[in-house]
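Peer 1: The structure that follows is given in the form of structure tokens.
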Amino acid sequence: MKMKKYQRLSNEDRVHREEIKDLSRRDFIRTIAAGAAVLTTAKGLNASVASKAEASQNPAALKGLTSSFSAVGRVVEIRDELVAANSYEPDTSIVRKMMDRGMRELTGKSVLVDAWRSFVSPGDVVGIKVNVTGGKVVMSNHAVLNTIIEGLKSAGVKENNIIVWERHSGRLEQVGFKLNSSSQGVRVYATGDGVGYDPAVYYDTNIPGELRETDLEYGKQKVSTRSYFSKIVTQQITKLITVPVIKDASQSGVAITLKNLSFGTVDNTPRFHPPDILCDPAIPEICANPVLRNKAVLHILDAIHAQYHGGPSGDPQWVWNYNSILFSTDPVALDYLGAQIIDKKRKAEEMLALAEVGKAPRHIATAARMGLGTNDPGKIDHLKINLTEAT
Amino acid sequence: MIWVAKPQGKLYGFARIGRIWIFSIILGYLLYGLSSGNQERAASLRPTGLLPNSQDLKGWQPVRPPDVYTGEELFNYIDGGAELYLEFNFKQVAIQEYHNNVGSSLMIEVYEMDSPKNAYGIYSLDTRGEHPTIGQEATYGVGLLKFWKDRFFCRILSLDLGKAMKKEVILSVGEKIAAKIPSEGARPQILDYIPRENTVPESIHYFHQRVALNNFYYLSNKNILNLTEETEGVFFEYQLQEKPAKVILIKYPREKDSLVAFKKFLNLYFEDKGINDSRFTEGKEIIKPMQDGQYAGIKLYRAYLILALETKDKKNCQGLLASIAKGLR
């Protein structure tokens, strides 16, 4: 395997010991895409014609989009063994170092604010989709989130134009978020019991689901084949940053970037959970909708803690300190690597691989076929940097 | 023989037996009254009532009011994983986080299921760890205590990874919650058919449907055993060989249901397309070598199906099936 050292950063960064390895691909593709971050094949979108058509009937959902940095297959992984040595809550100062380095390596910008400006402009309304289903043992950490908010503000985004959101507000409060829908400060709220779903933008497929109280059509009918998109993505934001985590998930194999992006955004999803469906192709088809595909500009995978079994609810028995944060604009590459990380851990724990227990995350390959990113290890440019300071 | 009361006050014969009877009846009534009182109290208990109060947890304060999820609202709490609990007829959960003045945090979840056997079922999904005497059964590991008692399943989690929250603190919270549940409940009857010898204790899992079964043993992403909410099953590992064999025992509501499932399994798992219904009689068993060189077998016995998987040879498989079937008789 060919080794390569990156020399773009200042001397200040050299105080950290670096280990750069696993550079499996050298053809680093950098594109400035107008509108679409990745190309989507017509064939791949056949199954999601309904949602695509409905999205196009609501042009407001795509209004205000501007171009941003994109690099298919490019993943930067920053590790620090001490980031969460003593608590489920990581060390804020170490997280800041990891975030700064990751953002600059991903974009190739030596100045941090320029790295953030690669994705957002002062006029943007930026959504940050977190994942807190695992509770405090494996979640999008506050320290990571706060650094993202600082970065966005440094790039000129107004504080009140930043929306931290999840599907359900109860979960946000349980892990320490204070809900805020006022015109002051960073907004924090949820779709299911807050803003609601957009009747004009939906994903329709032939799998009916029994409706629940937080679903848009609940009370009007008992079952529906539609999943409606959150108004947060269709009406409120112009850019989306996701902060997923790495988790085993009984209903989809893994719950990483694509699942956080898709099922965290729409309603009526339990219909895709049966073991013979395994959320595929629903996850990639929902991600392919332009309101997500075009707005999701950056994915910051919070892998400080990760879970290799028993997910998606957090169980400390299966959670381990992976001590890394991964940065990419390619959700498929991130999920491919995330699934590898889970399987490597399962092997170390003498457990069967995901595929051997009926949890092969098929949606990752489907997403790649649909052009949402790459799962080809030969095309994934995985840069690993270890910042752990010698003690 | 003549039965008389002797002057010393000691009673003999009929008189003594009479008194014993009266005493037994009174004691029986008292115990029944106590027990039915306990049952009434237990029936009226709700998860929020089991969460520790300031008297139970001195020095700890709730961070915020408890969150309560009922029925399918559980999807709002375990987005993507509620099905597992719903398979065990989940009713309600109360969740509360507590802080103390040295910065430690505890998260307590009290789940109410429809019955003790389903509380046991959700508990049995993972019992690896230490087993303190709390509730009816308990497991502790990595700062997490889980126990079940009656129809309740509780999780008490220290959020202080790596810090010095003592195990004793967590166990003592568990004891206090368990003490608030006045009665115990029966474990699933199907557990009685697990062999006492050679069974790996922490491998025992009770289930109804395939989401739970797939959680600890994967057979197929299809419902090849026709599992429904009416079926009751138990999975366990049997240490007869170096690598334990896997056993699945399922009880169907009716004998015709087990027969249908038997045929479906042969068709889909063994890919035995030449099934002739007349071959299937009570006690019928099929054993086949698998691709990995091990043997898998299935035996039909009345309303039960017995599966022996990952056995090292045909003889072992046969013996295991026979031994479980013998217990069913």
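Derivation of every value follows stated rules applied to the coordinates shown; laboratory data play no part. None of these values were measured; they are calculated from a predicted model. Every residue, glycine among them, receives a Cβ derived from its backbone with ideal geometry; neighbour counts consider all protein chains shown.
Peer 1: Quick one, can you get me the convex hull of the C-alpha atoms of the stretch A:188-308 expressed as volume per residue in Å³? Spell out each step's value before the answer.
Peer 2: Values: hull volume 12.7 nm³, N = 121.
Per residue, the Cα convex hull of the stretch A:188-308 comes to 105 Å³.
Peer 1: Ok, one more. Evaluate 2.2 N^0.38 Å with N set to the residue count of the stretch A:285-391, then give the Cα radius of gyration divided by it.
Peer 2: Working: Rg = 15.0 Å, N = 107, 2.2 N^0.38 = 13.0 Å.
Dividing the Cα radius of gyration by 2.2 N^0.38 Å gives 1.16.
Peer 1: Moving on to the next point. Would you list the P(r) distribution for the stretch A:118-158, with all Cα-Cα distances sorted into 5 Å bins from 0 and each bin expressed as a whole %?
Peer 2: That works out to 6, 23, 26, 18, 14, 9, 4, 0, in percent per bin.
Peer 1: Average projected area of the Cα convex hull of the stretch A:115-273, in nm²? Each step should come with its number before you reach the end.
Peer 2: Details: hull surface 38.4 nm².
Averaged projected area of the stretch A:115-273's Cα convex hull equals 9.6 nm².
Peer 1: Based on a Kirkwood Rh over C-alpha pairs, give the Stokes-Einstein translational diffusion coefficient of the stretch B:170-217 at 25 °C and viscosity 0.890 mPa s in µm²/s. If you can, show how the numbers build up before the last one.
Peer 2: On the way: Rh = 13.8 Å.
Here the translational diffusion coefficient equals 178 µm²/s.
Peer 1: Mind scanning A:Lys239/A:Lys347; A:Lys97/A:Lys295; B:Lys263/B:Lys315; A:Lys347/B:Lys284 and naming the pairs with a C-alpha gap bigger than 30 Å? If you can, show how the numbers build up before the last one.
Peer 2: Details: A:Lys239/A:Lys347 38 Å; A:Lys97/A:Lys295 27 Å; B:Lys263/B:Lys315 23 Å; A:Lys347/B:Lys284 38 Å.
Too far apart for the 30 Å limit: A:Lys239/A:Lys347; A:Lys347/B:Lys284.
Peer 1: Scale the Cα Rg of the stretch A:68-116 by the rule-of-thumb value 2.2 N^0.38 Å and send over the ratio, two decimals.
Peer 2: On the way: Rg = 12.5 Å, N = 49, 2.2 N^0.38 = 9.7 Å.
For the stretch A:68-116, the normalised Cα radius of gyration comes out at 1.30.
Peer 1: Okay, next question. Give me the compactness ratio for the stretch A:311-364, meaning the Cα radius of gyration over 2.2 N^0.38 Å. Could the numbers behind the result be given before it?
Peer 2: On the way: Rg = 12.0 Å, N = 54, 2.2 N^0.38 = 10.0 Å.
After normalising by residue count via 2.2 N^0.38 Å, the value is 1.19.
Peer 1: May I pose another question? Please rank B:Phe216, A:Phe272, A:Phe69, fewest neighbouring Cβ atoms within 10 Å first, as an exposure proxy.
Peer 2: On the way: B:Phe216 17, A:Phe272 24, A:Phe69 21.
Ranking B:Phe216, A:Phe272, A:Phe69 by Cβ neighbours within 10 Å, fewest first, gives B:Phe216, A:Phe69, A:Phe272.
Peer 1: Now a separate question. Which log10 I(q)/I(0) values does the stretch B:34-128 give at q = 0.16, 0.17 Å⁻¹ under the Debye formula, counting every alpha carbon as one identical point scatterer?
Peer 2: Evaluating at q = 0.16, 0.17 Å⁻¹ gives log10 I(q)/I(0) of -0.79, -0.87.
Peer 1: Taking only the alpha-carbon positions of the stretch A:70-174 and ignoring solvent, what does the Debye formula give for the base-10 log of I(q)/I(0) at q = 0.18 Å⁻¹?
Peer 2: Here the Debye-derived log intensity ratios amount to -1.01.
Peer 1: Please compute the Cα-Cα pair-distance distribution of the stretch B:193-329 with 10 Å bins starting at 0, giving whole percents from short to long.
Peer 2: Spelled out per bin, shortest first, that is 12, 47, 37, 4.
Peer 1: A follow-up question, please. Based only on Cα atoms, what mean projected area does the convex hull of the stretch B:143-239 have, in nm²?
Peer 2: Convex hull of Cα atoms, orientation-averaged projection: 8.9 nm².
Peer 1: In angstroms, what radius of gyration and Dmax does the stretch B:66-106 have, counting Cα atoms only?
Peer 2: Taking only Cα atoms of the stretch B:66-106, I get Rg and Dmax of 13.1, 40 Å.
Peer 1: Do me a favour and compute the ellipsoid semi-axes for the stretch A:251-301 from its Cα gyration tensor, root of five times each eigenvalue, largest one first, whole Å. Can you show the working numbers first?
Peer 2: Working: eigenvalues 75, 29, 14 Å².
Value: 19, 12, 8 Å, ordered largest first.
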